[in-house]
């Protein structure tokens, strides 16, 4: 593996994940501090647009995974060699960390004013209301209803959400699916996928779906004064926002490559309603 390729992989994942987290966490920040949006869909849509733009901006540098769960799924599916994984993961986690730091620098005075006006002492359990600008929590601190979400429920939500995301990434990009969109439009559909998944599971867990998006900003908030409030479950969210998405993504990769892909390939050589699959119909 050439050093130039490793550098391109790292830079692509760093820039793409930075953009994703800056736009996404930025939307959460202005929603909490300024009440800028009227509902969940607007925040979810910004996350989806951020994902779309980040993929378009960087997919010529790397494969624009922008998510450790996606990268690991690609290794599981043998779409990427394990040797590429360190550069991808390093770029993703570092990009997310830098994005969190930049957002803090931009909004630090506003965060302090919000905490003062709401009698919140940073580092106490109540400061979860501002820690949620960076890391994620369950149940969603922004819920208007009192909701009880167990660790098992939260992990299931994150696992299922990431399963759907990765399964649809494969479905939207793999050549065996002749019904997929044109490659030029695939990032748009991936962004829409992120939007709809967030709309579904964010009331439970804030919809992480991405270990780098959660762990790096959470670690930054821990170091920036939130302390234990940034990790109320005492494990930095590693089970719910780290292991569960990776597990869900890996299962999606196995299901697609072992079950769905063979069906697609068999159907492509058989009679089909899709004219594209049968040269005699063209």
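Structure values in brief
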| read-out | value |
| --- | --- |
| Any hit, segment 105-124, residues being under 24 Å from residue 46 (Cα atoms) and part of a loop (DSSP other than H, G, I, E, B) | no |
| First in segment 129-153 and on the phi < 0 side of the Ramachandran plot and assigned to a helix (DSSP H, G or I), second anywhere and exposed (fewer than 13 other Cβ atoms within 10 Å of the Cβ) and at pLDDT 95 or above, Cβ under 9 Å, 6 or more apart | 129/118; 130/118 |
| Index of the failed condition, residue 5 passing every other in (1) at pLDDT 95 or above; (2) surrounded by fewer than 23 Cβ atoms within 10 Å (Cβ to Cβ); (3) not in a loop (DSSP other than H, G, I, E, B) | (1) |
| Test: residue in segment 173-182 that is modelled with pLDDT of 95 or more, buried (at least 21 other Cβ atoms within 10 Å of the Cβ) and either under 22 Å from residue 35 (Cβ atoms) or touching a helix residue (DSSP H, G or I) at 6+ places or on another chain (Cβ under 9 Å) (or both) | no |
| In segment 21-62, the residues that are surrounded by 21 or more Cβ atoms within 10 Å (Cβ to Cβ) and outside any helix (DSSP H, G or I) | 62 |
| Output for segment 107-120, where each listed residue is on the phi < 0 side of the Ramachandran plot and without any contact (Cβ under 8 Å) to a residue 24 or more places away in the chain | 108, 109, 112, 113, 115, 116, 117, 118, 120 |
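The values are calculated or read from the model by the stated rules, or taken from the named source; none is laboratory data. Not measured: the values here are computed from a predicted model. Glycine also receives a Cβ, built like all others from the backbone with ideal geometry; neighbour counts cover every protein chain displayed.
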